[in-house]
Amino acid sequence: MTHDHLAPRRRLTRRLLAAATTAALGAALLIGVAPATADTSPTGDEASRTHAPVTWDPASQREVYAPADGFYSYAPSVVRDGDTEWIWTCHNDEFRVIKDHIYLTKIVDGVVVDSRSVLEASPAPAWDSFHVCDPSVVAGKFRYLGVKYSLAMFYLGNDLDASAHNQIGVAFANSPEGPWVKLPEPIVTFDRTDQWGAGQPTAVMMPGKPGTVLLGYTQGDTSTRAYVTEVNLKKAEAFTTTTPVQLPTSGLTGTDGAPDYLNGFDLVFDKKGGQFLTVREQHPYAFDNPWWIGPAVQVATIPQRDLLRGRGTWKPVGDVNEALTGFDRNHNAGFARDWQGHLAEKNAVSVVFTTSCSSLPTIDDQDWSLATCDSLYSYDLWSIDGALNRRR
């Protein structure tokens, strides 16, 4: 669920996204705010279903996956099916080498039974020839070059050793472990090589449309914005997408209580409540190391109709922050979902989030080079559960 990139590349990512937003914060905040008119607010039964506060269970907090020393793992796409969890993450494959692979970590009855790379960069000069990251996996009915597939993985890729020229692609498989077959060209394109681009995908199957995926993503260029589009993959070599709809930011709040922007988010569909939930990074980013990630993530809801139309107001329903978890960095989160991208349990929310250490420099360490927190390589995954209390 950021779902961004890594230090030192990650630092550039956050700065590019933050610069596009905080350097001109007023403009960025205005981009997604819907007008305060009657038709942008939920009414009637739809309104009664959208206020769903989450009651967190601190006793449910647990470490999910801790990579070995010299390795990082973050931005989880989580499928929970009975006693088994499949967690795809952004992960390096070589000791202390910052080059992103997509790993699958399989957990049975709370025990990690396998963790390995299932998707890596393509050979140059492919569009995804350097990093692949930010996975989002759903099950449906897809076809590519005459072959039927049951799983689709959306992911960020780029062709530069930098946080720039990011685009979004898709790969197909019939098993969570793969082999994953990539569509050779990106689904969401971005031309400029000097701007962050398009990434942080989150995919949800459209109810009643087994070959169509609702794809959410972040775009960072002169500002930071979030979009959704429908992707038809019934015949993937001739895929189609609908015109992207920009998502509202009204109602979202930062850790300082101020209006906030939307990026680094995961979506889950709550069919019973007729709404979507998001878990998203809160801003502003911290001052101390690591300053390119947020201290907390926020869960918020919005009616299904409003999200699809790019209107309305988000309702924050729960924060995952230091007061709850004990960690001063809670970031890059995702929901535990079912195979279609819906809630894994009808009346509960489970958030899998990334933690890290943090540190301040000394007075003689103005470039932060001596900071004691080896932040990137402290990234590991934790989860916490909460009851979804719908009020009618």
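The values are calculated or read from the model by the stated rules, or taken from the named source; none is laboratory data. Note that this is a predicted model, so its numbers are computed, not measured. Neighbour counts run over all protein chains shown; Cβ positions are idealised from the backbone, glycine included. Accessible surface is based on the protein model in full, side chains and every heavy atom, while ligands, DNA and RNA are left aside. Shrake-Rupley method; radii C 1.70, N 1.55, O 1.52, S 1.80 Å.
In the range 223-245, how many residues are in contact with a helix residue (DSSP H, G or I) (Cβ under 6 Å, 6 or more places away or on another chain) and not in a strand (DSSP E or B)?
1
Is it the case that the range 286-305 has a residue that's at pLDDT 95 or above, among the small types (Gly, Ala, Ser) and farther than 20 Å from Leu215 by Cβ?
Within the range 286-305, one or more residues are at pLDDT 95 or above, among the small types (Gly, Ala, Ser) and farther than 20 Å from Leu215 by Cβ.
So Lys141 clears everything in (1) touching a Phe, Trp or Tyr at 6+ places or on another chain (Cβ under 7 Å); (2) assigned to a strand (DSSP E or B); (3) in contact (Cβ under 8 Å) with a residue 40 or more places away in the chain except one condition, right? Which one?
Answer for Lys141: the failing condition is (1).
Does the range 359-389 hold any residues that are surrounded by 20 or more Cβ atoms within 10 Å (Cβ to Cβ), of a type in the set (Gly, Ala, Ser) and either farther than 19 Å from Ile293 by Cβ or modelled with pLDDT under 95 (or both), and which are they?
Correct list: Ser375, Gly386.
Just to verify a result, which residue in the range 195-210, among those that are at pLDDT 95 or above and in a loop (DSSP other than H, G, I, E, B), is surrounded by the most Cβ atoms within 10 Å (Cβ to Cβ)?
Taking the range 195-210 and keeping what is at pLDDT 95 or above, we get 195-205.
Narrowing the set further to residues that are in a loop (DSSP other than H, G, I, E, B) leaves 195-196.
Details: Gln195: 18, Trp196: 29.
Out of the qualifying residues, it is Trp196.
Given (1) open to solvent by 20 Å² or more (accessible area, probe 1.4 Å); (2) touching an Asp or Glu at 6+ places or on another chain (Cβ under 8 Å); (3) in contact (Cβ under 8 Å) with a residue 60 or more places away in the chain, where does Arg192 come up short, assuming only one miss?
Of everything listed in (1) open to solvent by 20 Å² or more (accessible area, probe 1.4 Å); (2) touching an Asp or Glu at 6+ places or on another chain (Cβ under 8 Å); (3) in contact (Cβ under 8 Å) with a residue 60 or more places away in the chain, Arg192 misses just condition (3).
Of the residues Gln275, Gln298, which is open to solvent by less than 10 Å² (accessible area, probe 1.4 Å), touching a residue at least 60 places away in the same chain (Cβ under 8 Å) and not hydrophobic (A, V, I, L, M, F, W, C)?
Exactly one residue qualifies, and that residue is Gln275.
For the range 286-295, indicate whether the set of residues that are open to solvent by 30 Å² or more (accessible area, probe 1.4 Å), part of a loop (DSSP other than H, G, I, E, B) and free of Cβ contacts under 8 Å to residues at least 40 places away in the same chain is non-empty.
Yes, the range 286-295 contains at least one residue that is open to solvent by 30 Å² or more (accessible area, probe 1.4 Å), part of a loop (DSSP other than H, G, I, E, B) and free of Cβ contacts under 8 Å to residues at least 40 places away in the same chain.
Would you be able to tell me the number of residues in the range 128-168 that are closer than 30 Å to Thr222 by Cβ and surrounded by fewer than 20 Cβ atoms within 10 Å (Cβ to Cβ)?
Result for the range 128-168: 5.
Could you tell me how many of the residues in the range 80-114 are open to solvent by 40 Å² or more (accessible area, probe 1.4 Å) and either assigned to a strand (DSSP E or B) or closer than 17 Å to Arg337 by Cβ (or both)?
Number of matching residues: 10.
Answer with yes or no whether Thr229 is within 21 Å of the chain's Cα centre (by Cα) and under 28 Å from Arg311 (Cβ atoms).
The answer is yes for Thr229.
Can you tell me which residue is nearest to the chain's Cα centre (by Cα) among those in the range 246-278 that are assigned to a loop (DSSP other than H, G, I, E, B) and among the hydroxyl-bearing types (Ser, Thr, Tyr)?
Going through the qualifying residues, I end up with Tyr261.
Yes or no: Thr89 under 23 Å from the mean Cα position of the chain (by Cα) and farther than 18 Å from Gly264 by Cα?
no
Is there any pair with a first residue in the range 67-79 that is open to solvent by 10 Å² or more (accessible area, probe 1.4 Å) and a second that is of a type in the set (Asp, Glu) whose Cβ atoms are under 7 Å apart and which are 6 or more apart or on different chains, and what are they?
That search, which allows pairs on different chains as well, returns Pro67/Asp380.
Residue check, Gln304 against (1) within 17 Å of Met206 (Cβ to Cβ); (2) touching a Ser or Thr at 6+ places or on another chain (Cβ under 8 Å); (3) polar (S, T, N, Q), all met but one. Which one?
(2)
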